[in-house]
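Okay, structure first, notes after.
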Amino acid sequence: MALDEHHGEDLTKKWQTPTKKALIMASSLRALLVEDTAVQRMVVSAMLRNQFHCETTLAKNGKEAVDMFLEGNTFDIVFCDRDMPIMTGPEAVVKIRAMGATDVKIVGLSDDDNAMEAFISAGADDFVPKPVRPETVGPMIQEVINKKLEQLAALA
């Protein structure tokens, strides 16, 4: 049984194999991965692309992420590391939220469990401990897909 260390929930019940409709929605999901470590960028971006079919953009630090939002890029979900050069993850979250990016789900990433509080205080929606695993990220992506499906249904 996979348990979420921070919430004590059984993740196997929360996340199941996505339906065909969910996969189609996921393929239109735009994810931003903000991570300074090349190996982590490679591993997590491959997971987002291959297992969850997300269109994934990469940033090496918080400033690059903020600049992407300033340039008008939009994302459905952002995964953001905490400790990075130039601008930390929580600093980037504060700036992104200050720009009015309230619809994007922002998820903090760190191998330090104490980082969760810093991310949530900064305005992040959730936190994932490293190493990042599909069973932890899956429910978050499904939540974003469900939100998009609800928005589409409201337009119909």
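The values are calculated or read from the model by the stated rules, or taken from the named source; none is laboratory data. Predicted, not measured: the structure shown is a model, and the values here were computed from it. Quick reminder, even Gly has a Cβ in these numbers, built from the backbone with ideal geometry, and neighbours come from all protein chains shown.
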>> Out of the helices (runs of 4 or more DSSP H) lying entirely within the stretch 66-156, which hold 2 or more residues that are touching a residue at least 60 places away in the same chain (Cβ under 8 Å) and under 14 Å from the mean Cα position of the chain (by Cα)?
In response: 134-155
> Could you say whether any residue in the stretch 107-125 is at pLDDT 95 or above, among the acidic types (D, E) and under 24 Å from A46 (Cβ atoms)?
Replying inline: yes
>> Taking the criterion of being basic (K, R), modelled with pLDDT under 95 and surrounded by fewer than 18 Cβ atoms within 10 Å (Cβ to Cβ), would at least one residue in the stretch 23-32 satisfy it?
In response: no
> Say we look at the stretch 52-65 and pick out the residues that are part of a loop (DSSP other than H, G, I, E, B) and modelled with pLDDT of 95 or more; which of these is surrounded by the fewest Cβ atoms within 10 Å (Cβ to Cβ)?
Replying inline: K60
>> With the structure loaded, tell me whether A38 is out of contact with any Pro (no Cβ under 9 Å at 6 or more places or on another chain), surrounded by fewer than 22 Cβ atoms within 10 Å (Cβ to Cβ) and farther than 28 Å from E150 by Cβ or whether it fails that test.
In response: yes
